[in-house]
1. Starting from residues that are within 15 Å of the chain's Cα centre (by Cα) and farther than 26 Å from Phe26 by Cβ, keep the ones in the range 118-147 and report whichever is surrounded by the fewest Cβ atoms within 10 Å (Cβ to Cβ).
2. If I ask for residues that are part of a strand (DSSP E or B) and basic (Lys, Arg), which ones from the range 54-92 would you list?
3. Could you check the range 1-58 and list, in sequence order, the residues that are among the acidic types (Asp, Glu) and within 18 Å of Gly161 (Cα to Cα)?
4. Tally up the residues in the range 53-81 that are within 15 Å of Ile8 (Cα to Cα) and either more than 15 Å from the chain's Cα centre (by Cα) or of a type in the set (Gly, Ala, Ser) (or both), please.
5. Which residue out of Gly104, Gly99, Gly70, Gly95 is touching a strand residue (DSSP E or B) at 6+ places or on another chain (Cβ under 7 Å), open to solvent by 10 Å² or more (accessible area, probe 1.4 Å) and either without any contact (Cβ under 8 Å) to a residue 60 or more places away in the chain or under 29 Å from Asp156 (Cβ atoms) (or both)?
6. Restricting attention to the range 31-63, report how many residues are touching a helix residue (DSSP H, G or I) at 6+ places or on another chain (Cβ under 9 Å), open to solvent by 40 Å² or more (accessible area, probe 1.4 Å) and in contact (Cβ under 8 Å) with a residue 40 or more places away in the chain.
7. When Val89 is evaluated against the numbered criteria (1) hydrophobic (A, V, I, L, M, F, W, C); (2) touching an Asp or Glu at 6+ places or on another chain (Cβ under 7 Å); (3) farther than 17 Å from Asn69 by Cβ, which criterion, by number, is the only one it fails?
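The values are calculated or read from the model by the stated rules, or taken from the named source; none is laboratory data. Quick caveat: nothing in here was measured; it's all calculated off a predicted structure. Cβ: placed from backbone, ideal geometry, glycine included. Neighbour counts: every protein chain shown. The area values use the complete protein model at the heavy-atom level, side chains included, leaving out ligands, DNA and RNA. Shrake-Rupley method; radii C 1.70, N 1.55, O 1.52, S 1.80 Å.
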Amino acid sequence: MTPIYWPIDDDAVVRTFTPDDAEEVFALVEANRARLEAWMPWTESTRSAADVVDFIERSLASEHDLEANGIWVDGRAAGTIGLRVNLLVNNGELGYWIGEEFEGRGLVTRACRLFIDHAFGELGLHRISLHAGVENRRSRAVAERLGFTEEGVIRDGDRVGGGRYVDLVAYGLLEHEWS
């Protein structure tokens with residue numbers, strides 16, 4: 001996989017993680033753990049910077065996935081974004097989160113646009129999906145701003161912090177729907 005370095009604006013970029021980023025990314029997870037546990041299934045298994053290194057190394061070893069990327073603001077880790085690619089069915093699944101201190105700036109929406117452009121352009125994918133907790137209004141708003149179509153609800157679709165299950169809204173975007 002070729003590393004990503006895509007400017008979002010004058011102060012922010014999307015950049016592929018390296019193992020050297022693990023301490024800073026783990027600190028961001030820790031600072032936002034209470035919020036993340038409500039929506040993200042990986043929080044229970046992310047208990048140290050070594051867990052982040054494992055994720056980064058697994059992701060970088062993938063030939064097609066673009067999962068291990070950070071949203072960086074003024075050189076600081078602000079969140080993560082990634083695209084899991086399935087070439088067999090010519091689609092991808094987009095995922096993201098942003099630290100609380102960076103919310104409300106449009107960073108996630110603009111970073112998603114970069115990934116969608118890449119997925120439909122460079123990768124030639126036909127479809128991108130996105131899942132968000134039914135009650136996760138901020139994440140759902142990103143999908144809706146980007147023109148994704150709500151396709152249904154996956155009951156108990158994710159097991160999140162504390163072993164709790166959450167329903168997920170399934171969104172989809174087809175290549176001909178993206179301008």
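1. The selected residue is Ala141.
2. The initial filter retains those residues of the range 54-92 that are part of a strand (DSSP E or B), namely 66-73, 76-86, 91-92.
Correct list: Arg76, Arg84.
3. The first filter runs over the range 1-58 and keeps only residues among the acidic types (Asp, Glu), leaving 9-11, 20-21, 23-24, 30, 37, 44, 51, 54, 57.
Once the filter is applied, which keeps residues that are among the acidic types (Asp, Glu) and within 18 Å of Gly161 (Cα to Cα), the range 1-58 yields Glu30, Glu37, Glu44, Asp51.
4. Residues flagged as within 15 Å of Ile8 (Cα to Cα) and either more than 15 Å from the chain's Cα centre (by Cα) or of a type in the set (Gly, Ala, Ser) (or both) within the range 53-81 amount to 8.
5. Working: Gly104 fails: touching a strand residue (DSSP E or B) at 6+ places or on another chain (Cβ under 7 Å); Gly99 fails: open to solvent by 10 Å² or more (accessible area, probe 1.4 Å); Gly70 fails: open to solvent by 10 Å² or more (accessible area, probe 1.4 Å).
Sole residue among the options that is touching a strand residue (DSSP E or B) at 6+ places or on another chain (Cβ under 7 Å), open to solvent by 10 Å² or more (accessible area, probe 1.4 Å) and either without any contact (Cβ under 8 Å) to a residue 60 or more places away in the chain or under 29 Å from Asp156 (Cβ atoms) (or both): Gly95.
6. So the count comes out to 7.
7. (2)
Conditions (1) closer than 30 Å to Asp74 by Cβ; (2) at pLDDT 95 or above, marked per residue:
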| residue | (1), (2) |
| --- | --- |
| Gly92 | yes, yes |
| Glu103 | yes, yes |
| Val108 | yes, yes |
| Ile116 | yes, yes |
| Gly163 | no, no |
| Val169 | no, yes |
| Leu173 | no, yes |
